[in-house]
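Student: Sending over a structure as C-alpha cells; questions will come in a sec.
Coordinate-derived values only; no laboratory data. Quantities reported herein were computed from a predicted structural model and do not represent experimental measurements. Positions of Cβ are generated from backbone atoms using ideal geometry, with glycine treated the same way; all protein chains shown enter the neighbour counts.
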Amino acid sequence: MIDSYDFGRIVINGKRYNTDLIVFSDKVTDGWWRKEGHRLHVEDLKDVLEVKPEVLVVGTGYSGLMRVPPETRRYVESEGIEFIAQKTTEACETFNHLVKSRKVVAALHLTC
C-alpha cells in the first residue's frame with residue numbers, strides 16, 4: 001500500500017523512497033532506470049511483464065512529463081495486461097484502489 005507521495009519521494013508500507021520504483025504485490029524495486037529517462041520503452045518493463053499482472057499502473061511523474069509511446073502501450077496490452085498511465089499522484093491512488101481486488105503492479109516516476 002502506498003502511504004503517501006509528493007514530488008521526488010514516496011512512502012510505501014512505512015518505508016520512504018527517493019528514486020523511481022516498481023511496486024509489486026510482495027516487494028518494491030527501487031532505483032528503476034529506463035532506457036530514456038522520460039520515455040517508457042517495453043524493455044523498461046521486463047520485470048513487470050515477467051510477473052504478468054492483470055493491471056499495470058504507470059506514474060508518469062508529478063507533472064506527467066514521462067511519455068508512453070503508443071507501441072509500449074500496445075505491447076503491454078497485447079500481453080493481456082490492462083495499461084493505465086496517469087500523473088504519479090493519481091497513479092498512486094489508482095494502485096491503492098486496485099491492489100485490494102486485482103493483481104496490480106505500479107511503475108512510478110517520482111519527479112518531473
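Student: Would you calculate, for the chain, the mean residue ellipticity at 222 nm contributed by helices, counting each DSSP H stretch of 4 or more residues as -39,500 (n - 2.57) and dividing by all residues, to the nearest 500?
Tutor: Helix-only estimate at 222 nm: -6500 deg cm²/dmol.
Student: While we're on this one: Compute the relative contact order of segment 2-108 as a whole-number percentage, counting only Cα pairs closer than 8 Å that sit 6 or more residues apart in sequence.
Tutor: 30 percent
Student: Under 1.5 on a/c is rounded, so check that first for the chain, then, if it is not, pick prolate when a/b is larger than b/c and oblate when it is not; a ≥ b ≥ c are the square roots of the alpha carbon gyration tensor eigenvalues.
Tutor: Verdict is oblate for the chain.
Student: In nm, to one decimal, how far is the modelled label at Glu71 from the one at His38, with both set 7 Å along Cα→Cβ?
Tutor: According to this spin-label approximation, the distance is 2.1 nm.
Student: Can I ask one more? Using 0.36 nm times the number of residues separating Glu50 and Asn18, minus their current alpha carbon distance, what extension gain do you get?
Tutor: Difference between extended and current length: 9.0 nm.
Student: Give me the number: length gained by fully extending Lys27 to Cys112, i.e. 0.36 nm times residue separation minus the C-alpha to C-alpha distance, one decimal in nm.
Tutor: Contour length minus Cα-Cα distance gives 28.2 nm.
Student: How far, in nm, would the chain grow between Val11 and Lys103 when pulled straight, counting 0.36 nm per residue and subtracting the alpha carbon separation? Display every interim value, and only then the final one.
Tutor: Values: separation 92, 0.36 × 92 = 33.12 nm, distance 2.03 nm.
That works out to 31.1 nm of additional length.
Student: Further, regarding this structure: Using a Gaussian network model of the chain whose springs link C-alpha atoms within less than 10 Å, name the residue from Ser63, Ser78, Ser25 with the highest mean-square fluctuation.
Tutor: Result for the chain, Cα springs under 10 Å: Ser78 fluctuates most.
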